[in-house]
Every structure is written in C-alpha cells, then in structure tokens.
1. Being more than 15 Å from residue 184 (Cα to Cα) and either within 18 Å of the chain's Cα centre (by Cα) or not in a helix (DSSP H, G or I) (or both) is the filter here, so list the residues in segment 133-158 that pass it.
2. Just a yes or no: is a residue in segment 54-65 at pLDDT 85 or above, farther than 30 Å from residue 136 by Cβ and in contact with a helix residue (DSSP H, G or I) (Cβ under 9 Å, 6 or more places away or on another chain)?
3. So which of 173, 161 is closer than 17 Å to residue 199 by Cβ, surrounded by 15 or more Cβ atoms within 10 Å (Cβ to Cβ) and under 22 Å from the mean Cα position of the chain (by Cα)?
4. Can you name the number of the only condition in (1) at pLDDT below 80; (2) assigned to a helix (DSSP H, G or I); (3) in contact with a strand residue (DSSP E or B) (Cβ under 7 Å, 6 or more places away or on another chain) that residue 130 fails?
5. Within segment 97-111, is there a residue that is at pLDDT below 85 and in contact with a strand residue (DSSP E or B) (Cβ under 9 Å, 6 or more places away or on another chain)?
C-alpha cells in the first residue's frame with residue numbers, strides 16, 4: 001500500500017536526520033541555548049498541568065518495574081556518587097531549615113525509620129549474615145507493633161533490635177528483628193535476650 005502524506009513526511013524526516021545528524025543536533029542545541037527561559041516556562045506549565053497524571057504513571061511504572069528501577073538508581077549513584085554527595089551537602093548548607101522540616105515530617109510519618117538506617121549501616125560494617133531487612137519489612141514490623149515496645153510493652157518511639165545480637169552471630173533478618181524502645185534497646189545492647197531478661201528481673205527484685 002502506498003504511504004500517505006504523513007508517513008512520507010516521517011520517512012523524509014528520518015532520512016534527513018540520518019544524513020545531517022550532527023548539523024541537526026547542533027541546531028537544536030543552539031535553539032535551546034537561545035530560548036532557555038521560554039523552554040523552562042513552557043516545561044513548568046506542562047508539568048503543572050500533567051502533575052497528577054505523571055504521578056499515577058510513575059507509581060504504576062515503579063510498581064511494575066521495582067527491581068529494575070532500584071538497580072538503575074544504584075548504578076547511577078555508583079557512577080556519580082561524588083557529584084551527588086557534593087550536591088546534597090551544598091543543598092543542606094543552603095537550606096538547613098527546609099532539610100530539618102523535611103526530616104521532621106518524614107520521622108513523624110515513619111517513626112523508627114532512622115534506626116533502620118543505623119542498623120543497616122552497622123550490618124554492612126560487620127558483614128553480618130542473613131537475608132537482610134527491606135524498608136517495607138521494617139515498616140511492616142512497626143505497624144504490627146502498634147507503637148508498643150516488644151520487651152517492656154510501653155508506648156514509646158521504637159527502634160530496630162536484633163534479638164540475637166550481631167556480635168553473637170545473629171543474622172540481619174526479619175525473623176531476628178524486633179521493634180524495641182530506645183531504653184530497652186540500649187539496656188539489652190549485646191546481651192542475649194534470655195540473659196538480659198533474667199538480669200532485668202533480678203534488678204527489679206532488688207529495687
């Protein structure tokens with residue numbers, strides 16, 4: 001079937017681009033440089049008009065390609081770690097109040113998440129065994145705890161505790177994790193659970 005006018009134009013455009021690629025790209029770059037403000041303004045209007053649509057698409061794409069996106073993010077970070085960290089430090093230095101506000105809002109929404117990051121860094125440093133604990137698994141543990149410490153039962157800010165300490169061969173695994181208050185977590189430290197509970201009962205009797 002003979003191509004219509006639109007198809008003929010597309011074919012001609014592709015041929016022209018293939019034959020004059022460098023000149024076309026140079027012309028595009030020149031036009032962008034000469035019209036930066038207009039391009040940014042147009043892009044801002046478009047983003048504002050399609051913000052919700054873009055969010056829906058991004059959430060759907062992430063849900064469908066979670067592992068691929070994470071791998072691409074890890075790869076990008078490793079390739080540009082120095083630049084990314086420098087930009088983050090510069091942003092924190094320019095906007096300390098905004099960063100504190102964001103951090104406070106995040107911790108109100110995800111209480112106990114900071115301790116998850118600390119535990120993950122300790123685990124990497126020790127090269128502890130185990131399947132690891134994802135952010136989603138830790139948040140699920142927090143939701144199941146209902147704000148109550150696994151050891152004393154009091155409603156306090158919770159942190160991640162390894163039931164069998166990493167220093168004693170415990171694994172960084174969801175089956176070895178508990179949501180504990182800072183007081184119990186600090187008191188237990190590197191002691192085994194049974195030894196620590198026995199010591200607490202003894203101290204309670206003496207008191």
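The values are calculated or read from the model by the stated rules, or taken from the named source; none is laboratory data. All figures in this text were calculated on a predicted structure; none of them were measured in a lab. No Cβ is skipped: glycine too gets one built from the backbone with ideal geometry, and neighbour counts run over all protein chains shown.
1. 133, 134, 135, 136, 137, 138, 139, 140, 141, 142, 146
2. no
3. Answer to the selection: 161.
4. It fails just one condition, (2).
5. Looking through segment 97-111, at least one residue is at pLDDT below 85 and in contact with a strand residue (DSSP E or B) (Cβ under 9 Å, 6 or more places away or on another chain).
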